[in-house]
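Heads up: the structure comes next, in structure tokens.
Each reported figure results from applying straightforward, stated rules to the coordinates on display, with no laboratory input. Because the structure is predicted, anything quoted here is derived from the model rather than measured. Please note: Cβ atoms are built from the backbone with ideal geometry, for glycine as well, and neighbour counts cover all protein chains shown.
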Amino acid sequence: MSDQSEWVQRPASALKGTNCTAEQYEKMYASSLQDSDAFWAKQAERIDWFQKPSKIANWSFDPVDIKWFEDGTLNICHNAVDRHVEAGNGDRTAIIFEPDSPDGEVRTFSYADVQREVIRMANTLKKLGVAKGDRVTIYMPMVPEGAFAMLACARIGAIHSVIFGGFSPDAIAGRVDDCESDWIVTADEGLRGSKTIPLKANVDSALEKVSAKGVLVLRHTGGDVSMTDGRDHWYHELSAEVSDECLCEPMNAEDPLFILYTSGSTGKPKGVLHTTGGYAVWTETTFRYIFDYRDGEVFWCTADIGWVTGHSYIVYGPLQNGATALMFEGVPNYPDHDRFWQVCAKHKVNIFYTAPTAIRALMREGDHHVEKHDLSSLRLLGSVGEPINPEAWRWYHETVGKERIPIIDTWWQTETGGCMITTLPAAHDMKPGSAGKPFFGVQPQLVDNEGAELEGAASGNLCITHSWPGQARTVYGDHERFIQTYFSTYPGKYFTGDGCRRDEDGYYWITGRVDDVINVSGHRMGTAEVESALVLHPKVSEAAVVGFPHDIKGQGIYCYVTLMDGVEESDELSAELRQWVRKEIGPIATPDHLHFTPALPKTRSGKIMRRILRKIGENEFGSLGDTSTLADPGVVDALIEGRKNR
Ligand code: WTA
């Protein structure tokens, strides 16, 4: 029997008007496994295809070749925008924009407005020379024009690669170079709380290292920027005389839709590639069932469009469903810690979707920030990006949700395109800290380190054994890396990189990454990336980076650094190195701890024993395991001393 005290019942209100009850879930989940093709053919009927697919799934994980709806043609921009206008819903609100400052101007776009704006952007991109199949880098603040740029690319068949506005010039250069993107869409500056982000200046610095044929610049703050003749164009100028017609390019279901760079255990970030048809069906279906969207509701996902959550649940999921999506430019704590709740009350938000790191940070500031506002419009709360600790879950449920609304804890990844494991609001009771049950078509499997399947209640490495429509198809330009990263550890299975426990009720509990990826405030980061940034510094000889538990961020960044001969450690150097990493990658990669050490623990063959460094970073000195294979076991004692002193 399961532990009854774990359960939180779904409130009766969640059942009203819902599109999926417990019985329906069981039936649909079973049919999604038994006759996957029939199930997805039916879901795909919600998409407006130019040419309906006759083939549904055609995939193999060994060799790796994934196709869905392969003879169908469609355009996802048509599905997200034009279709609603053509159906007579052009007046419906598509996007509500809430600016950084509460005194700023709220902008509201109907579906007809979005259609007009996207056409304008699409024709401007064409004028610049962008053609089907070209890669367009989008480095934008959280403003509607960012979404318009994505949709405009989709409309003309260009492949967008959105880069989070917090990334540094070097990170931009690397990504532009990797996918050979000739075009960049950016803005003069972005706003985040009291800070301005020099987006155009960052692009300029990036373009000292790589080249671009054209840069389109949105005037947003009006800040001063330099424009390079022949390369840089103001959006408002170039778009002034474009035509107001632009047909949606018919795309094959397997034509690329976007590239999104994400961190892995090794090497540079990978350009995860999603294609059109499967991603359209997956985001449409997951949004509809998981958020249980009802006409007229306001849906707010607080992610940035620079992350996959923004792609799938600010832009493609909500808009394909004809929903009203709120886009927020600011941050949770500006001008005060009640900003999220103030925005919820102001726009009568019904569904609110955020990350545990934000919940923890706001929880710490006290309940009065929440209680000041009328949150009675809220009907559903969601969490994404990292494991949510039960304490934060309960606060979210009790203080924000007043115990009257369900919480969905959605587990998924950039590579999965959309949510994979979550309770459905009306179908499942909840367990704080557990994501819940697999979504339709998702077949999770837990395996031990040798790859043997673990049945029933068990803990292991989380794999998925059957393809799903939203699955990433490859790593852009490097299919071998795609295979190596996801399909070689456990051949024939997609390996997620996450550890997971399944309990006796079949609920999944994600325990975090089992590889060298860390999750800092919901931002995914490869420890190898931070290490490479550190060793680029002339005074650094070696670096090893691990995650450690952090109250607010979930995980913090712990860096062990050995210095070049003759370099003295100092607080100034520590500050300099932190600044260095910020410059190389971006502020999200700022080290929390820099631990100077004369040596790193290595095996006799010279391999750094990361397991030991992780334990020391976590303050777990009692469970270091076997240290006898170390070349110099004395190193460990010195490291423990150093850890205790901070
Ligand atoms: C983690 C974000 C626990 C996980 C959508 C995964 C989660 C990584 C959850 C992907 C959750 C995401 N519970 N862990 N609800 N959601 N994760 O690619 O480790 O930025 O592998 O996608 O975040 O991060 P990514």
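Leu630: net charge of surrounding residues, Cβ under 12 Å, Lys/Arg +1, Asp/Glu -1, itself excluded?
Neighbourhood net charge equals +1.
How large is the dipole of the chain about the Cα centre if only Lys and Arg carry +1 and Asp and Glu carry -1, each at its Cβ, rounded to the nearest 20 debye?
Here the chain has a charge dipole of around 420 debye.
Calculated from DSSP H runs of 4 or more alone, at -39500 (n - 2.57) each and per residue, what is the 222 nm mean residue ellipticity of the chain, nearest 500?
On the way: 18 runs with 172 residues, N = 646.
Calculated at 222 nm, the ellipticity per residue is -7500 deg cm²/dmol.
Provide the packing ranking of 311-319, 289-297, 432-440, i.e. peptides ordered by the mean count of other C-beta atoms within 10 Å per residue, highest first.
311-319, 432-440, 289-297
Order of 364-370, 458-464 by packing, highest average Cβ count within 10 Å first? Walk me through the intermediate numbers first.
Working: 364-370: 14.4, 458-464: 20.6.
My ranking of the peptides, most packed first, is 458-464, 364-370.
Stokes-Einstein D for the stretch 521-642 at 37 °C, 0.692 mPa s, Kirkwood Rh over Cα pairs, in µm²/s?
Translational diffusion coefficient: 222 µm²/s.
I want the antiparallel fraction of DSSP beta bridges within the chain, as a percent rounded to 5. Present the calculation step by step, with values, prior to reporting the outcome.
On the way: 61 of 101 bridges.
Antiparallel: roughly 60 percent of the beta bridges in the chain.
Of all DSSP beta bridges in the stretch 521-642, what percent run antiparallel (nearest 5)? Numbers along the way, then the final one.
Working: 12 of 16 bridges.
DSSP beta bridges in the stretch 521-642 are roughly 75 percent antiparallel.
Multiply the residue separation of Asn619 and Ala631 by 0.36 nm, subtract the distance between their alpha-carbon atoms, and state the gained length in nm to one decimal.
Stretched out fully, the Asn619 to Ala631 stretch lengthens by 2.1 nm.
Compute the distance in nm between two label points, each set 7 Å from the Cα along the Cα-to-Cβ direction, one at Leu15 and one at Asp177.
For the pair Leu15/Asp177, the computed spacing is 6.0 nm.
What FRET efficiency do you get for Arg404 and Asp448 if R0 is 51 Å and r is their Cβ-Cβ distance, rounded to the nearest 0.05?
Calculated transfer efficiency: 0.75.
Hey, if you put +1 on the Cβ of every Lys and Arg and -1 on every Asp and Glu Cβ in the stretch 153-242, which of Gly190, Val203, Gly214 ends up farthest toward the positive end of that dipole?
Sorting the options by dipole projection puts first Gly190.
Under a Cβ-only charge scheme (Lys and Arg +1, Asp and Glu -1), can you give me the dipole magnitude of the stretch 521-642 about the Cα centre, in debye to the nearest 20?
My answer is approximately 560 debye.
When all alpha-carbon pairs of the stretch 234-300 are counted, what percent fall beyond 16 Å?
Details: 1577 of 2211 pairs.
Percent of Cα pairs beyond 16 Å in the stretch 234-300: 71.
Taking 37 °C and 0.692 mPa s as the conditions, I'd like the Stokes-Einstein D for the stretch 82-147 in µm²/s, using the Kirkwood hydrodynamic radius from alpha carbon pairs.
The diffusion coefficient I find is 242 µm²/s.
State the answer as a single residue: which of Ala147, Gln115, Ala171 lies farthest towards the positive end of the charge dipole of the chain, with beta carbon charges of +1 for Lys and Arg and -1 for Asp and Glu, about the Cα centre.
Gln115
Quick one: if the Förster radius is 35 Å, what FRET efficiency do Ala38 and Ala457 give, using the C-beta to C-beta distance and rounding to 0.05?
Calculated transfer efficiency: 0.65.
Multiply the residue gap between Lys27 and Ile552 by 0.36 nm, knock off their C-alpha separation, and tell me the result in nm, one decimal place.
Gain on extension, Lys27 to Ile552, equals 185.1 nm.
Using a Förster distance of 56 angstrom, determine the FRET efficiency expected from the C-beta separation of Asp429 and Glu568, and round it to 0.05.
0.45
Let me check against my output: what whole-number percent is the relative contact order of the stretch 521-642, with C-alpha pairs under 8 Å and at least 6 apart?
For the stretch 521-642, the relative contact order is 23 percent.
Kindly list the residues of the stretch 196-215 that lie in the label zone of Lys127, defined by a backbone N under 16 Å from the point 7 Å along the Cα-to-C-beta vector.
So the set is 214-215.
Asn58 to Glu105: extension gain in nm, 0.36 nm per residue of separation minus the Cα-Cα distance? Could the numbers behind the result be given before it?
Numbers: separation 47, 0.36 × 47 = 16.92 nm, distance 4.82 nm.
Net length gain for the segment: 12.1 nm.
At Thr603 and Gln51, where each label point lies 7 Å from the Cα along Cα→Cβ, what is the point-to-point distance in nanometres?
Calculated label separation equals 5.3 nm.
Put a dot 7 Å past each Cα toward the Cβ at Asp336 and Glu6; how far apart are the dots in nm?
4.0
Please work out the C-alpha center-to-center distance from the stretch 414-481 to the stretch 297-360 and express it in whole Å.
For the stretch 414-481 versus the stretch 297-360, the Cα centre distance is 25 Å.
Along the principal axes of its C-alpha atoms, what lengths does the stretch 217-271 span, in descending order and rounded to whole Å?
Principal-axis extents of the stretch 217-271 (Cα, largest first): 42, 34, 22 Å.
Kindly provide the pair-distance distribution of the chain built from C-alpha pairs, with 10 Å bins from 0 and whole-percent values in order of increasing distance.
Spelled out per bin, shortest first, that is 3, 16, 27, 28, 19, 7, 1, 0.
For a label point 7 angstrom out from the Cα of Ser265 toward its Cβ, which stretches of the stretch 510-527 have the backbone nitrogen within less than 11 Å?
Flagged as within label range: 514-517.
Sorted by average packing, counted as other Cβ atoms within 10 angstrom per residue and highest first, what order do 43-51, 199-207 take?
On the way: 43-51: 17.0, 199-207: 21.8.
Result, highest mean first: 199-207, 43-51.
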